[in-house]
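Notes follow once the structure below has been shown.
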Amino acid sequence: EVDKEKNRLIFSERHVSEAEELANKAEALDSVQAGTIYEGVVSGVMHFGLFVTVEVPVEGTKTVGHVEGLVHISEISWEKVTHPKEFHSVGDRLKVRVLGIDEKTGKLNLSIKQLSDDPWKVIADKYQVGTTVEGVVSRVEPFGVFVNVETGIDGLIHSSKLEEGHSLKKGEHITVNVESVDPDQRRMSLSLVLTEVPLGYK
């Protein structure tokens, strides 16, 4: 901007840097392929997911384009995610896998959990019917108690299988018996292995 009356010139570095950044972003988007793993920084944490600024090397150059992407809450972990803030904060540096590109917005659809294999794929071999395992109570619902036996694997003790008056609390370590496993439906049915004689037992 030129102000002749005040003999003053006003400059903007932002207009130049943003133009360069936009050009790099467009070139970076052309370089992105589904399935590729990139590094990025968490730029926002919302109840529905994580916004991540992904660093994409521009093909044929030494420059890096910054492209915004979203890790939907369902793609953060194989574990149940109540809120993304339980897993990451703004400024966290992490790796993400590109699931696809939203052509309308120019943003990336990303995943963190797909950097590792789905634990339910091998669950039937690891936890055969009749197996006794250690677990931690992850959720208590009116219809039963969910027990985490390993990362991403929660089984259910149905309320009908719990002794009356025998209450379990979140975070409690217990021993359970595997009654059935359905990898396709991602379900595991458990029963409680009592380590103490119930009160009133004769």
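No lab work stands behind these numbers, since they all come straight from the coordinates. Note that this is a predicted model, so its numbers are computed, not measured. FYI the Cβ positions are ideal-geometry reconstructions off the backbone, even for glycines, and counts take in every protein chain you see.
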For this session: Mind sorting out which of (1) -0.69, -0.90, -0.96, -1.22; (2) -0.54, -0.82, -0.92, -1.30; (3) -0.79, -0.94, -1.01, -1.24 is the real log10 I(q)/I(0) by the Debye sum over Cα atoms at q = 0.11, 0.14, 0.15, 0.19 Å⁻¹ computed from the coordinates?
Result: (1)
For this session: Hand me the chymotrypsin sites (Phe, Trp or Tyr not before Pro) from the stretch 97-170 located in a DSSP loop with no more than 12 other Cβ atoms within 10 Å, in residue order please.
Result: PHE143
Problem set entry | In range of the label at GLU172: residues from the stretch 140-158 whose backbone nitrogen is under 17 Å from the point 7 Å along Cα→Cβ | 140-149, 155-158
For this session: Could I have the simple spin-label model distance between ARG187 and ARG8, label points 7 Å from Cα toward Cβ, reported in nm to one decimal?
Result: 7.2 nm
Exercise. So what are the ³J(HN,Hα) numbers for the stretch 131-137, from phi and the Karplus equation (6.51, -1.76, 1.60; θ = phi - 60°), rounded to whole Hz, Gly and Pro as x?
Worked result: 5, 9, 9, 8, x, 10, 5
Exercise. List the GluC sites (Glu not before Pro) in the stretch 127-168 that DSSP assigns to loop (not H, G, I, E or B) and whose Cβ has at most 16 other Cβ atoms within 10 Å. Which are they?
Worked result: GLU163, GLU164
For this session: Mind telling me which of HIS158, HIS72, HIS166 comes out most flexible in a GNM of the chain, alpha-carbon contacts under 10 Å?
Result: HIS166
Exercise. Can you list the aspartates and glutamates whose alpha carbon is less than 18 Å from that of LYS104, not counting same-chain residues fewer than 8 positions off?
Worked result: GLU27, ASP30, GLU68
Exercise. Between their Cα atoms, which of LYS113/LYS170; LYS85/LYS107; LYS85/LYS161; LYS4/LYS25; LYS80/LYS161 are more than 26 Å away from each other?
Worked result: LYS85/LYS161; LYS4/LYS25
For this session: Per DSSP H run of n ≥ 4, the term is -39500 (n - 2.57); total these for the chain, divide by its residue number, and report the mean residue ellipticity at 222 nm rounded to 500 deg cm²/dmol.
Result: -3500 deg cm²/dmol
Problem set entry | Between helix 13-31 and the chain: long-axis angle, C-alpha atoms, 0 to 90°, nearest 10 | 50 degrees
Problem set entry | Fluctuation leader among SER189, SER74, SER160 - the chain, Gaussian network, Cα springs under 10 angstrom | SER160
Exercise. Projected onto the charge dipole of the chain (+1 at Lys/Arg Cβ, -1 at Asp/Glu Cβ, origin at the Cα centre), which of VAL181, GLY60, GLY135 gives the Cα projection farthest towards the positive end?
Worked result: GLY135
For this session: State the answer as a single residue: which of SER167, GLY144, SER116 lies farthest towards the positive end of the charge dipole of the stretch 92-167, with beta carbon charges of +1 for Lys and Arg and -1 for Asp and Glu, about the Cα centre.
Result: SER116
